[in-house]
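The values are calculated or read from the model by the stated rules, or taken from the named source; none is laboratory data. Keep in mind that what you see is a predicted model, and the values were worked out from it rather than measured. Here the Cβ is made from the backbone with ideal geometry for all residues, glycine too, and neighbour counts use every protein chain on show. Side chains are part of the model used for accessible areas, which takes the heavy atoms of the whole protein and leaves out ligands, DNA and RNA. Shrake-Rupley method; radii C 1.70, N 1.55, O 1.52, S 1.80 Å.
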Amino acid sequence: MRYDLAIIGSGAAGFAAAIAGRGSGHSVAMIEQGTVGGTCVNTGCVPSKALLAAAEARHVALEQRFPGVTTSAAPVDADALHAATADLVQGMRADKYVDLATDYGWPILSGSARFVDGPALEVSLTAGGRERVEAEHYLVATGSTPWPPPIAGLAEAGYLTSTTALELEELPASMIVLGGGAIGLELGQLFARLGVAATIVEALPRLAPAEEPEVSAVLDEVLGDEGIVTSPGTGVTAVRGDSSGITVTGTRDGQPIELHAEQLLVATGRRPATAGLNLDAVGVTVGPGGEIEVDPKLRTAHPRIWAAGDVTGGHQFVYVAAAHGAIAAGNALNDADCTVDYRSLPRVTFTTPGIASVGLTEAQAIEHGYACDCRVLPLAHVPRAIVARDTRGLIKLVADAGTGRLLGAHVAADAAGEVIATAVYALANQMTVQQMAELWCPYLTMAEGLKLAAQAFTRDLSRLSCCAA
Ligand SMILES: Cc1cc2nc3c(=O)[nH]c(=O)nc-3n(C[C@H](O)[C@H](O)[C@H](O)COP(=O)(O)OP(=O)(O)OC[C@H]3O[C@@H](n4cnc5c(N)ncnc54)[C@H](O)[C@@H]3O)c2cc1C
């Protein structure tokens, strides 16, 4: 049988494309070499956030019962944690992936796909043997894999990735986390809250380098309060392992630095997964980072081959992968002529407090030529934070000085992701900070901080009464 669309990969991008394809009455086949559902549900978003929630509950309970006692004082039942997480993952994989393929009616072939002349796919089936799959259009949705930087001795010493770290059956006493971006920060805090002595090392001068400097400073302080050692501005040059663990050497502020821990977790980014796809054979080109080169409609250099999600080398979020998949399928099968609009794309790091942002940072606004006006609202002004007795954090708004139009919002706070979802609506609708300051906002929500930050453009917040009046 010749399909309308053959999809390599069963992650968010692949599933969104298949659902869109089936929804418009097209025949679809999917090939998956690993576990159906891909990264997010199996080894990414879902297990990491499930474990973060468990670690936070433990942290809060310990703090309340034994103020000032470090979290390493109480043992962790790693088996129970894993069993509960595996159960959750299995349920979501069935509900949100496996069963949907049956409902919508497309086959998932278990095996590894590569392009051959035609173009067609040759699938090395997991059960043995090969199968040729032919389609009018092909979608490469093969995701990304952890990328270890070229550091002397790293491969020989052995290290954890985000995938293997989340599967650890025994927790180490100590861990160095290489990488102070979203995954490194989340996992560093996760393991620290499970009682591991964690050190987070970042090559750039501050943690969360993509965020506003004020946000990085909050995070540095909070992690420090929890006993996590942070080492920004540290260039790691060598790693060596012995029976006592791992030693990392490098320089910080021009001075030699040496760190030692039982385990090393490398969280220095992920690279597109294209190895073995035989893309050359069908004229699909890749960029310097191994990403499949696509046009704004997600078409590759071959007119019948499309790509979506992490493999395109863009924003590595599951909601981007899903949006890509649906758009690529619409363009391929229905000539939908759609492109992806990233202007109000939010990002969240699920630390506690969380950090989240949308739109331009102050530096980016200036680079884009805006005369910008910014306000930084410490959470000490936000009633939700005051009653929760944790005012560490802030909300920063970046606005166009001429028009007052919101250009960016940046949050370091509890429920940062929820707050930023509100800012997405304001940004996408081109609201001004004056409009944001006047809209209704429920009292005692963290999102009220957005309204207060907007009011800070024209008013002295210390002279406001309750409910920002
Ligand atoms: C620890 C962690 C936490 C994360 N947390 C979040 C979060 O909170 N929020 C968020 O938005 N994003 C998060 N992400 C990112 C998110 O998981 C990814 O952006 C998203 O899953 C990418 O989806 P995808 O469809 O592009 O690829 P994937 O989901 O990776 O799917 C690709 C699939 O293709 C298969 N495949 C590869 N090559 C072949 C081949 N040759 N033949 C057959 N099959 C093949 C793979 O086995 C895989 O199943 C996280 C990632 C990690 C690692």
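Summing +1 for each Lys or Arg and -1 for each Asp or Glu among the other residues whose beta-carbon sits under 10 angstrom from that of Phe317 gives 0. Any lysines with Cα under 28 Å of the Lys451 Cα? List them, leaving off those in the same chain fewer than 8 positions away. Result set, ordered by chain and number: Lys396. The alpha carbons of segment 154-268 stretch over 40, 31, 22 Å along the principal axes, in descending order.
For helix 182-193, report the angle its Cα long axis makes with the longest principal axis of the Cα atoms of the chain; keep it between 0 and 90° and round to the nearest 10°. In the chain, helix 182-193 runs at an angle near 60 degrees to the longest axis. Helical content alone sets the calculated 222 nm signal of the chain at -9000 deg cm²/dmol, taking -39,500 (n - 2.57) per DSSP H segment of four or more residues and averaging over every residue. What the Cβ-Cβ distance of Thr102 and Trp147 gives, at R0 = 41 Å and to the nearest 0.05, is a FRET efficiency of 0.75. Each listed q (0.13, 0.14, 0.17 Å⁻¹) maps to a log10 I(q)/I(0) for segment 346-463 from the Debye sum over equal C-alpha point scatterers, namely -0.43, -0.50, -0.74. The residues of the chain have, on average, 45 Å² of accessible surface per residue, using a 1.4 Å probe with all protein chains present. All other residues whose Cβ lies under 10 angstrom from that of Val218 are scored, Lys and Arg at +1 and Asp and Glu at -1, for a net of -4.
Give me the net charge of Gly250's neighbourhood, meaning all other residues with Cβ under 14 Å from the Cβ of Gly250; Lys, Arg count +1, Asp, Glu -1. Neighbourhood net charge equals -1.
Inter-part distance, segment 272-294 to segment 20-46, computed on C-alpha centroids, equals 20 Å. In terms of the mean number of neighbouring beta-carbon atoms within 10 Å, the peptides 429-441, 333-345, 381-393 order highest first as 381-393, 429-441, 333-345. Seen against the Cα atoms of the chain and their longest principal axis, helix 12-23 is set at about 60 degrees. In vacuum, with every alpha carbon of segment 259-395 counted as one equal point scatterer, what does the Debye formula give for log10 I(q)/I(0) at q = 0.09, 0.13, 0.18, 0.21 Å⁻¹? Two decimals, please. Debye curve over Cα of segment 259-395, log10 I(q)/I(0) at q = 0.09, 0.13, 0.18, 0.21 Å⁻¹: -0.46, -0.82, -1.09, -1.23. One chain, two ends: Arg389 and Asp117. Fully extended at 0.36 nm per residue, the span grows by 91.5 nm beyond their Cα-Cα distance. State the Cα centre-to-centre distance between segment 142-213 and segment 104-141 in whole Å. Centre-to-centre distance over Cα atoms comes out at 34 Å.
When only the Cβ of Lys, Arg, Asp and Glu is charged (+1, +1, -1, -1), the dipole of segment 346-463 relative to its Cα centre reaches about 220 debye.
Given R0 = 35 Å, the distance between the Cβ atoms of Ile366 and Arg252 translates into a calculated FRET efficiency of 0.75. Peptide packing for 125-131, 187-193 was compared via the average number of neighbouring C-beta atoms within 10 Å per residue; ordered from the highest value, the list is 187-193, 125-131.
Size descriptors for the chain: radius of gyration and Dmax over Cα atoms are 23.8, 75 Å. Using the basic label-point model (7 angstrom from Cα toward the beta carbon), what is the Ala80 to Ser462 distance in nanometres? Taking the simple label geometry, Ala80 and Ser462 are separated by 4.8 nm. Taking the centroid of alpha carbons for each part, segment 403-467 and segment 329-394 are 12 Å apart.
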